[in-house]
Every structure is written in C-alpha cells, then in structure tokens.
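Below is one structure, written out as structure tokens; the observations come after it.
The values are calculated or read from the model by the stated rules, or taken from the named source; none is laboratory data. No experiment lies behind these values; they were computed from the predicted model shown. Note that each Cβ is placed from the backbone with ideal geometry, even for glycine, and that neighbours are counted across all protein chains shown. To get the accessible areas, we keep the full protein, side chains included, count just its heavy atoms, and leave off ligands, DNA and RNA. Shrake-Rupley method; radii C 1.70, N 1.55, O 1.52, S 1.80 Å.
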There are 2 protein chains.
Amino acid sequence: MEKLADIAVEEKARKLSGWEVIAVDGEKRLVRVFTFDDFVGAMAFSVKVGMIAEKADHHPAVLTEWGKVTVSWWSHSLGGLSEKDFEMAGRTSSLYEG
Amino acid sequence: MEKLADIAVEEKARKLSGWEVIAVDGEKRLVRVFTFDDFVGAMAFSVKVGMIAEKADHHPAVLTEWGKVTVSWWSHSLGGLSEKDFEMAGRTSSLYEG
C-alpha cells in the first residue's frame, strides 16, 4: 500500500460523502462524526467499527462520547492516506447508514 | 452535584495517581492514557469503561486507538469537575489495574 498524492486525496475525498480531510501533525486523516440518541448507541457503533477494523487489520482512532462517535482513518506507517483508508471510511459509513 | 473549586480539584488530583487535570475550552477534565498490547485489548477496555459509565449515568469521552485508550471525565453540565468525576476516574483505574 502506498501513500496517495494530494491530488488523488482531493479527488477521492470529493466522492466520499460526509468525511473531511483534516491534517493532524502534518498527516492527513479522514474524519467523520456520527450521531446517536444516547451513549449506548454510540458505544455499540464504536464496537462495530472496531470489529471491521480488526478483521481488516487496519485500525482507526474512535472517539466515543454521549450521542456521538468521531472516527478517524489514516495510515500511520505511511504518514498519510492510502486507498485502504478510503475503503474503510466508506465501509464505516455503510455500517451507520445500514 | 456541584462543581469543585480549583483548590479542591488540586487537592483531589494529587491523590489520584496517573490522571492529569487538563483544561479544554476552559473546562477542566481528568485525563488518563491506558496502554494495551493491541487493538482488541484497547477496545475491550473501552467497552468496560462504557459499562460502568452507563450504570452510573455519567459518561466520559473514550478515545480508542491501537494499543491505547484515552479516558476523559468531566461534568459537562457543570462546566468542570465534580466529586463524581474523581470517583469514576478512580473506578476506571481499578478496572485497568484489576
């Protein structure tokens, strides 16, 4: 897997609804906030995301709060975004949208 | 429940091993990073913290990453820290230390 060039990131990000590209310490990440009615709904979603992450052996940062989960995908070893991050972001949205 | 005065926060924080008091948007939070061998260990701990939170009806922010969970307790409605946050922080440490 390789790090995507900026232009490829922009192109792919335009097609990925709901996600923002945010740079943290110079590394680009795909970030989306998902909302829920309560804490239980938020935690249950975080576990679902954890399950697909573990299976794919590609792990996001998942911030669980009351009624809200913020998921961030990036490829730490590459210092940016890869195809895999876009794929996992799309799968995360599908988990939410059902 | 009421918001603790700064001096009470300092006093209590000194006795609470491993936790730092960090101000976010002017609100004090108790924050601790817990480490694990892998993603599964981190996610399992996050769920445990979620369980005691739900039972206590007091909910933290839980950031789950590969090998690491960052737990933050504060009383959003009070704009700072209460006795409950210190109690829950202590219980979180006990969950970790077993």
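Per-residue answers, yes or no, for (1) within 14 Å of chain A (Cβ to nearest Cβ); (2) surrounded by fewer than 19 Cβ atoms within 10 Å (Cβ to Cβ):
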position	(1), (2)
B:Val24	yes, yes
B:Phe45	yes, no
B:Leu63	yes, no
B:Val71	yes, no
B:Ser77	yes, yes
B:Glu83	no, yes
B:Glu97	no, yes
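Of all residues in segment B:82-98, those that are free of Cβ contacts under 8 Å to residues at least 60 places away in the same chain have Cβ atoms under 7 Å from Cβ atoms of residues that are open to solvent by 10 Å² or more (accessible area, probe 1.4 Å) and among the small types (Gly, Ala, Ser), 6 or more apart or on another chain, in B:Met88/B:Ala56. Here B:Val40 passes the criteria (1) more than 8 Å from every other protein chain (Cβ to nearest Cβ); (2) open to solvent by 40 Å² or more (accessible area, probe 1.4 Å) except the one numbered (1). Scanning segment B:47-61 for residues that are open to solvent by 50 Å² or more (accessible area, probe 1.4 Å) and in contact (Cβ under 8 Å) with a residue 12 or more places away in the chain yields one hit, B:Lys48.
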